[in-house]
1. How tilted is helix 52-62 with respect to the longest principal axis of the chain? Cα atoms for both, answer in degrees (0 to 90, nearest 10).
2. So, how do all the Cα-to-Cα distances of the range 3-62 break down into 10 Å bins, in percent, from 0 on up?
3. Can you compute the charge dipole magnitude of the chain about its Cα centre, using +1 on each Lys and Arg Cβ and -1 on each Asp and Glu Cβ, nothing else charged? Give it in debye, rounded to the nearest 20.
4. With unit charges on the beta carbons (Lys and Arg positive, Asp and Glu negative) and the dipole taken about the Cα centre of the chain, which residue among 17, 56, 45 sits farthest to the positive side?
5. Counting only other residues whose beta carbon sits under 14 Å from that of residue 20, what net charge do I get with K and R as +1, D and E as -1?
6. Compute the angle between helix 3-22 and the longest alpha-carbon principal axis of the chain, please, reported from 0 to 90 degrees and rounded to the nearest 10.
7. To the nearest 10 degrees, how steep is helix 27-44 against the longest Cα principal axis of the chain, on a 0 to 90 scale?
8. Tell me, in nm to one decimal, what length is gained between residue 60 and residue 48 on full extension, where the rule is 0.36 nm per residue of separation less the Cα-Cα distance?
Amino acid sequence: MDFETKLIRAEACAAAAAQLKQDGFDPDRMLEIRRQARRTIVEQFDLQTISLQGQVKLIEELGC
C-alpha cells in the first residue's frame with residue numbers, strides 16, 4: 001500500500017473518530033458497560049454447569 005492510500009485512510013479514520021466524539025460517544029463508558037455485563041453473568045450464572053455453546057448463546061442474548 002502506498003503512502004497516499006495510507007494517508008487517505010488515516011484522514012477518514014480521524015474524521016470518523018471526531019464525528020463520534022462530537023456525537024457524544026465515550027469509548028471508556030462503553031467498555032465499562034461491557035465489563036459490568038460480564039460481571040453480572042459471572043455473578044448470576046454458574047458457568048461451570050453450562051456448556052460452552054450455552055455460554056456463548058447466553059452472552060449473545062445478553063449483548064455482551
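The numbers here are math on the coordinates, done by the rules we state, and not lab data. Because the structure is a prediction, the values reported are computed rather than measured. Heads up, the Cβs are rebuilt from the backbone with ideal geometry, glycines too, and the neighbour counts pull from every protein chain shown.
1. Long axis of 52-62 versus the principal axis of the chain: about 60 degrees.
2. P(r) for the range 3-62, in whole percents per bin: 19, 28, 21, 21, 11, 1.
3. On the way: 9 positive and 11 negative charges, 27 e Å.
In debye, rounded to 20, the chain gives about 120.
4. Positive-end residue among those listed: 45.
5. Charge balance near residue 20 sits at -1.
6. With both axes taken from Cα atoms, the answer is about 60 degrees.
7. It is inclined by approximately 10 degrees.
8. Stretched out fully, the residue 60 to residue 48 stretch lengthens by 2.5 nm.
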